[in-house]
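Right, one structure below, let's go through it.
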Amino acid sequence: MMKILLENILTGNVLGTTLSMIWQGMVLKHRSTDKLPSWLDYAKSSNGGSYQCQAVDEVKMAVKSIPIMLTAVVYFILFNQMQSTYLLQAERMNLGGQEPGGFQIPAASMQIFCWTIHSFTNAFQELVIFPLLSRMGRRPSPGRFLRIGIGMVLGIAAQIAAAIVEIYRKEDLKETGGFDQIVAGKVYHSAYLSVLYQVPQFLLMGVSSALVVTAGLEYTYVQSPVVLRGLMQGIFLLILGLGGLLASAFVGIVQAITVSDEWYPDEINEGHIDYYLFLLAGLMGLDFCIYLVIVRLYKGSPSITSIEDGSFNHTERRPQEDETVLMPQDKRTNVLKFSMGNS
């Protein structure tokens, strides 16, 4: 009974069927003495597995996409600095409103520069850049890998800009002595340096996120087989959330390593946030190099004819969205379908 229940769970949806195929490929590879191009090929019906060749090829395509998506984890660690490090920095800069009746800029509102330029960049690409390139006879949009790469570089630039602001903030605090500023009912010892000096780092992160996130979601949608698009976009969003979780963990690691001369103490005026931001920029630089290598290997894959339009070099006809593409060899009553709406 448990075996039947487990089988139904694993084969009644896209995720379950994909995991079942991957598991079968690994098991049969371990048992087989034949040498096949990919371990997933062992799950093909022509090689003794339970799945149609085209279904396996489409899962192979999805699996090859995962290493590229994983390189975005470090980027999303950088992205989460806006809600943490940048905010702590803003609270200790001159927000204005020191005069009676004066207006104080909310520290968290600096993110509006990020999301404004993010929206503008997306609109500018769709309304100006892409149509212009199309009229020039070039591809309708710059390559998704290219846009992600440029976005990563701009993310590095944002961290460097934030680190430079932090250097000047600490110098101003040392030279002038700073002043006590009340923010949301709490007192912070702040520099006289205006919080508007943060604008460049937020603008850079805004353009960066418009390129990386938008192109990343496009990539997972267009490059994935029809029936796996929802799953692959879900994985990309999971990586986005994982970046936020790892951002907190990374702070803890840095605090543990720099305990003798803290980089990221509870009171950042006593630490070296600039070192921390430079470290993030270096880490993103290393991740960018890894990204370039993975993209180069991905482009060289013989199973892909185009990395831009999602076409596949299959000899078989591509299945329709509601078509049965997975058919086990045995006579199970639960016909496997690669569709979210079928079981």
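Restricting Leu88, Leu132 to those that are more than 21 Å from Leu280 (Cα to Cα), assigned to a helix (DSSP H, G or I) and of a type in the set (A, V, I, L, M) reduces the list to Leu132. Only one entry of Gly234, Gly252, Gly271 meets the criterion of being closer than 30 Å to Val59 by Cα and open to solvent by less than 60 Å² (accessible area, probe 1.4 Å), and that entry is Gly234.
Residues in region 211-230 that are farther than 14 Å from Leu78 by Cα, under 17 Å from the mean Cα position of the chain (by Cα) and surrounded by 19 or more Cβ atoms within 10 Å (Cβ to Cβ): Leu211, Thr214, Ala215, Gly216, Tyr219, Thr220, Gln223, Ser224, Arg229. Residues of region 103-144 that are closer than 29 Å to Thr71 by Cβ, of a type in the set (A, V, I, L, M) and crowded, with 19+ Cβ neighbours inside 10 Å: Met110, Ile117.
Listed here are the residues, each with its yes/no results for (1) modelled with pLDDT of 90 or more; (2) touching a Gly at 6+ places or on another chain (Cβ under 6 Å); (3) in a helix (DSSP H, G or I); (4) within 24 Å of Phe113 (Cα to Cα).
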position	(1), (2), (3), (4)
Val213	yes, no, yes, yes
Tyr219	no, no, yes, no
Leu246	yes, no, yes, no
Phe278	yes, no, yes, yes
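Scoring Val56 on the criteria (1) under 28 Å from Ile235 (Cα atoms); (2) open to solvent by 50 Å² or more (accessible area, probe 1.4 Å); (3) in contact with a Gly (Cβ under 9 Å, 6 or more places away or on another chain) leaves a single failure, condition (2).
Working carefully through the options Arg147, Arg92, find the one that is open to solvent by less than 40 Å² (accessible area, probe 1.4 Å) and in contact with a Phe, Trp or Tyr (Cβ under 7 Å, 6 or more places away or on another chain).
Working: Arg147 fails: in contact with a Phe, Trp or Tyr (Cβ under 7 Å, 6 or more places away or on another chain).
The unique qualifying residue is Arg92.
Of all the numbered requirements in (1) assigned to a helix (DSSP H, G or I); (2) open to solvent by 50 Å² or more (accessible area, probe 1.4 Å), Ile77 misses one, and that requirement is (2).
Residue pairs whose Cβ atoms lie under 6 Å apart, sitting 6 or more positions apart in sequence or on different chains, and linking a residue in region 219-240 that is within 27 Å of Asn80 (Cα to Cα) and free of Cβ contacts under 8 Å to residues at least 12 places away in the same chain to a partner that is open to solvent by 40 Å² or more (accessible area, probe 1.4 Å) and in a helix (DSSP H, G or I), are Arg229/Tyr221.
The values are calculated or read from the model by the stated rules, or taken from the named source; none is laboratory data. Computed from a predicted structure; not experimentally measured. Note that each Cβ is placed from the backbone with ideal geometry, even for glycine, and that neighbours are counted across all protein chains shown. Areas reflect the complete protein model, heavy atoms only, side chains present, ligands, DNA and RNA absent. Shrake-Rupley method; radii C 1.70, N 1.55, O 1.52, S 1.80 Å.
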